[in-house]
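Some notes on the structure that comes next.
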Amino acid sequence: QVQLLESGGGLVQAGGSLRLSCAASGRTFSTYNMGWFRQAPGKEREFVATISWTGSSTYYADSVKDRFTISRDNTRNTVYLQMNSLKPEDTAVYYCAAKRRGSNWSLYDNDYWGQGTQVTVSS
């Protein structure tokens, strides 16, 4: 079992930066692929970024590529999302997710989810 807790959200002006953290419980954190998803008001949940269990492979949505960076520190059981050059369109609740190796990512049906952290970007 993996429990996830996001933090680091807040209110920033366009062009600013935030760093989200997702702390995981348990000793099996490193055996999971990790990802970030977001959901804006009135919109469907969307993929943001994922990282493999070793941290060697990352994947980004086109909308955040070159602005966001996902990373993980398995010794600290934490995955991060560094968000730079934020835009009002990035406003959403950001969710951390964990997925067993060998299975596919889903927008809603991943193995574990955090409670979400609000990111609001003002113009």
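The values are calculated or read from the model by the stated rules, or taken from the named source; none is laboratory data. If you're wondering where the values come from, they're calculated on a predicted model, not measured in any experiment. So basically every Cβ, Gly included, is an ideal-geometry build from the backbone, and we count neighbours across all protein chains shown. For accessibility, only protein heavy atoms count, side chains too; no ligands or nucleic acids. Shrake-Rupley method; radii C 1.70, N 1.55, O 1.52, S 1.80 Å.
If I ask for residues that are within 16 Å of Tyr112 (Cβ to Cβ), in contact (Cβ under 8 Å) with a residue 40 or more places away in the chain and not in a strand (DSSP E or B), which ones from the range 28-51 would you list? Answer for the range 28-51, where residues must be within 16 Å of Tyr112 (Cβ to Cβ), in contact (Cβ under 8 Å) with a residue 40 or more places away in the chain and not in a strand (DSSP E or B): Phe29, Ser30, Thr31, Arg45. Take the conditions (1) within 16 Å of the chain's Cα centre (by Cα); (2) within 18 Å of Val119 (Cβ to Cβ); (3) part of a strand (DSSP E or B); Val64 misses just one of them, which is (3). Scanning the range 89-106 for residues that are among the aromatic types (Phe, Trp, Tyr) and either under 18 Å from Arg67 (Cα atoms) or crowded, with 18+ Cβ neighbours inside 10 Å (or both) yields a total of 2. Only residues that are open to solvent by less than 70 Å² (accessible area, probe 1.4 Å) and either under 16 Å from Leu107 (Cα atoms) or of a type outside the set (Ser, Thr, Tyr) (or both) were counted in the range 31-62, giving 17. Take the conditions β-branched (Val, Ile, Thr), under 30 Å from Ser123 (Cβ atoms), assigned to a strand (DSSP E or B) and open to solvent by less than 50 Å² (accessible area, probe 1.4 Å) and apply them to Thr69. Does it pass? When the stated conditions are applied, Thr69 does not pass them. The residue that is nearest to Asn33 (Cα to Cα), counting only those in the range 107-123 that are open to solvent by 20 Å² or more (accessible area, probe 1.4 Å) and touching a Pro at 6+ places or on another chain (Cβ under 8 Å), is Ser122. The set of residues in the range 17-30 that are open to solvent by 30 Å² or more (accessible area, probe 1.4 Å) and at pLDDT below 85 comprises Gly26, Arg27, Thr28, Ser30.
Cβ-Cβ contacts under 9 Å between residues 6 or more apart (or on different chains), taken from a first residue in the range 75-100 that is free of Cβ contacts under 8 Å to residues at least 12 places away in the same chain to a second residue that is hydroxyl-bearing (Ser, Thr, Tyr), are listed as Thr75/Ser30.
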